1. Looking at (1) crowded, with 20+ Cβ neighbours inside 10 Å; (2) over 19 Å from Ile171 (Cα atoms); (3) under 20 Å from the mean Cα position of the chain (by Cα), can you tell me which one Ile66 breaks?
2. Just to verify a result, which residue in segment 293-333, among those that are surrounded by fewer than 20 Cβ atoms within 10 Å (Cβ to Cβ) and among the acidic types (Asp, Glu), is farthest from Val141 (Cα to Cα)?
3. If a residue counts only when it is touching a strand residue (DSSP E or B) at 6+ places or on another chain (Cβ under 9 Å), surrounded by 14 or more Cβ atoms within 10 Å (Cβ to Cβ) and polar (S, T, N, Q), which strands (runs of 3 or more DSSP E) contained entirely in segment 150-268 have at least 1 such residues?
4. What's the number of the condition Val26 fails, among (1) under 17 Å from Val116 (Cβ atoms); (2) touching a helix residue (DSSP H, G or I) at 6+ places or on another chain (Cβ under 6 Å); (3) not charged (D, E, K, R)?
5. Hey, could you check segment 17-54 for residues that are in contact with a strand residue (DSSP E or B) (Cβ under 7 Å, 6 or more places away or on another chain), among the small types (Gly, Ala, Ser) and in a strand (DSSP E or B) and say which is surrounded by the most Cβ atoms within 10 Å (Cβ to Cβ)?
6. Looking only at segment 285-302, how many residues end up being within 18 Å of Thr34 (Cβ to Cβ) and in contact with a Cys (Cβ under 8 Å, 6 or more places away or on another chain)?
7. Tell me which helices (runs of 4 or more DSSP H) are completely within segment 291-403 and hold 1 or more residues being in contact (Cβ under 8 Å) with a residue 12 or more places away in the chain and more than 30 Å from Ala223 (Cβ to Cβ), or say none if there are none.
8. Can you find a residue in segment 335-358 that is touching a strand residue (DSSP E or B) at 6+ places or on another chain (Cβ under 6 Å) and either among the charged types (D, E, K, R) or exposed (fewer than 15 other Cβ atoms within 10 Å of the Cβ) (or both)?
Amino acid sequence: MSDHRITELDSGVRIVTEAMPSVRSVSLGYWIGTGSRGESDAQAGLSHLIEHLLFKGTARYESLEIDQLFDGMGAELNAGTGKETTSVYSRVIDEHFDLAFDVMSDMVFRPRIDDVDSEREVILEEIAMYEDDPQDKVFDVLGEAVFGDHPLGRSIIGAADVVARTPIDQIRAFHDSRYVASNVVIAAAGAVDHDALVELAASRVPNGGRSADAPQPLPAPAALAPRVRFERKDTEQYHVCLGGPGIARYDERRYALRVLDTIFGGTSSSRLFQEVREKRGLAYSVYSFTGQFSDTGQVGLYVGTRADNLAPAMEVVAQELTQLQREPATADELQRAKENLKGRVVLSLESTGSRMNRLGSAILTGVPLLSVDEVVERIDAVSLDVVAELAAELFDPAKLSTAGIGPDEELFRTALAPLAPSTTTGAAT
């Protein structure tokens, strides 16, 4: 991997690039330090709404013109909102890079934000679609169980009443307080010239620091007792998540957690996949997952299964969680998980998009930007003792909250009995 270069302009915007001389494409991304975590209840969904509104035109580029320009370049243009960050990104061939940068800079820093009502309707449809998709929604039900009233427990997509009713002037103020140069990282990987990009940014990025009105993220959520949350819905399957607090993105044990997740439920040879799906046929989709934030994280697992298989599936999950405490990893599992992770890291970095994402997210969040060799060294250094420590700390069944969506709450709660006494109590949402 080539060395990356970083420049901070007087405006406060940071520019990070990595040249890949063997390719003709460039992945370009604008990373903004705003997301659902930085919203009050009265703002729930404004980060997501603004992400949509960025595509509705600027003073220089109409919405249709933006679509036509990127279609005419054969380029990709998209955006995404997370708990703590928002990103706008594209992939273009090198000869179109300057135009793509000019359009995207206008979108990020100078959106018109006047054609709001039509996009409100689009997002209300998106929220309705999300409500109809229990396989996605159950993760937000789990988030509320784990984090309670803290914004990390809220859905990123937002609240329908906030999206529908927030006045335009408040939407503009929300954008202006967050989309400022000092809160933005511009990342590019591929056929990119760092100095040329710095020159472009100097001419297109407005000066101005973070607004005093921009709220800082709330402190980490207080520790909560495990809770059960259930939403009744007429579904063919029960969608079930178990989870709890994890570790922060800066925690050096994050490599060990990735190894543990790979062993437990992250691959087709993992324990959960083999025991629940391959050996017993109790689910089509079953896996574990992890996520990291600035000062905390989340771990969990998901199972989707029919009513007849719910109780047996939960019994196997309980057995595997108990086994994870007794024997977090065999020597063979530990080595196989390490090799899996190293392979995925190296293979992903053959993509300009993956490299750009890595650059932008690391610089914005302050995570050390390590070389591939350094990442591989840290994966190789993961010991069984640290894996065991994390398994005991994060995957103790008695510490996990549970979320479910399905047609019968009583059947759901009964099926949870093998997990822990705490999972049979707690109010439904």
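The values are calculated or read from the model by the stated rules, or taken from the named source; none is laboratory data. This structure is a prediction, so every number in the text was calculated from the model and none was measured. So basically every Cβ, Gly included, is an ideal-geometry build from the backbone, and we count neighbours across all protein chains shown.
1. Failing condition for Ile66: (3).
2. Of everything passing the filter in segment 293-333, Asp332 is farthest from Val141 (Cα to Cα).
3. 237-245
4. (1)
5. Checked segment 17-54; the qualifying residue surrounded by the most Cβ atoms within 10 Å (Cβ to Cβ) is Ser27.
6. 0
7. 307-326, 331-348, 352-365, 372-380
8. yes
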